[in-house]
Amino acid sequence: MGDAAYLFACALAICVWVCSKRYALIKASLVFLGLQIPLKGLTLSMLCVGLFGPVSLLSLGLCTHALLNYYTHQEILPLKAAWFLTLFEGFIFIDTLGFLPFSLIYAPYKITLISLCLFSLCAFILYKPLGMLFLGVLALLLLDRLCSLHFPVLYVAFMDIYLWIVALVRILVAFIK
């Protein structure tokens with residue numbers, strides 16, 4: 001849990017860094033340190049990871065992409081990418097709960113891989129950097145599979161509650177404006 005908690009703290013600190021206007025690096029450092037201070041052997045980042053699960057590879061990639069966009073003065077998360085992520089993550093959570101008549105998550109490996117390639121293609125068509133991140137995560141998963149240290153479920157690298165919440169908040173902010 002230590003590595004997952006550390007990655008969660010890094011991802012949240014990057015999000016604070018991107019969203020802050022003044023003293024962004026100082027605020028991000030304080031958030032990171034605040035999440036790492038142990039209280040009776042338990043940190044806030046461990047608590048969040050224990051309650052909601054670890055941060056996915058896609059979320060870490062999107063945090064890095066958001067930081068790069070922040071410094072190049074581009075839109076951090078375009079609305080079409082947020083819509084795609086919201087629908088994609090919603091589909092994954094509904095599939096995980098077993099509410100669909102079919103399952104792509106627990107399907108045979110080849111079907112899961114083909115579905116992820118199709119989702120990557122859709123993401124690339126909508127927003128090229130998101131599609132490249134999807135393909136990058138997929139390439140890491142295939143490399144991991146070749147080393148026989150594979151994830152039991154390929155979709156684990158693409159889904160987490162944090163990414164879904166960020167995409168939903170981005171859409172909500174667009175509707176409020």
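A simple spin-label model places pseudo-atoms 7 Å from Cα toward Cβ; at F91 and L79 they are separated by 2.2 nm.
The ranking of E89, E75 from fewest to most other beta carbons within 10 Å of each one's beta carbon is E75, E89. What does the C-alpha gyration tensor say about the overall shape of segment 1-54? Classify as rounded when a/c is under 1.5, otherwise prolate if a/b is larger than b/c, or oblate. Taking the square roots of the gyration eigenvalues as a ≥ b ≥ c, segment 1-54 is prolate.
Remark on the chain: Rg and Dmax equal 16.8, 50 Å (Cα only).
Cβ-to-Cβ counts within 10 Å put S59, S120, S29 in ascending order as S29, S120, S59, the fewest first. In percent, rounded to a whole number, the relative contact order of the chain is 24, using alpha-carbon pairs under 8 Å and six or more apart.
Using the basic label-point model (7 angstrom from Cα toward the beta carbon), what is the K128 to V173 distance in nanometres? Label-label distance for K128 and V173, simple model: 2.4 nm.
Helices in the chain, meaning DSSP H runs of at least 4 residues, each add -39500 (n - 2.57). Divided by all residues, the mean residue ellipticity at 222 nm is -24000 deg cm²/dmol. Each of R22, R170, R145 was scored by other Cβ atoms within 10 Å of its Cβ. Listed from fewest to most, they are R22, R145, R170.
Any read-out appearing in this document is the output of simple, stated calculations on the displayed coordinates, not a laboratory observation. Please read all numbers here as calculations on a predicted model, not as lab measurements. Note that we place each Cβ from the backbone using ideal geometry, even for glycine, and neighbour counts take in every protein chain shown.
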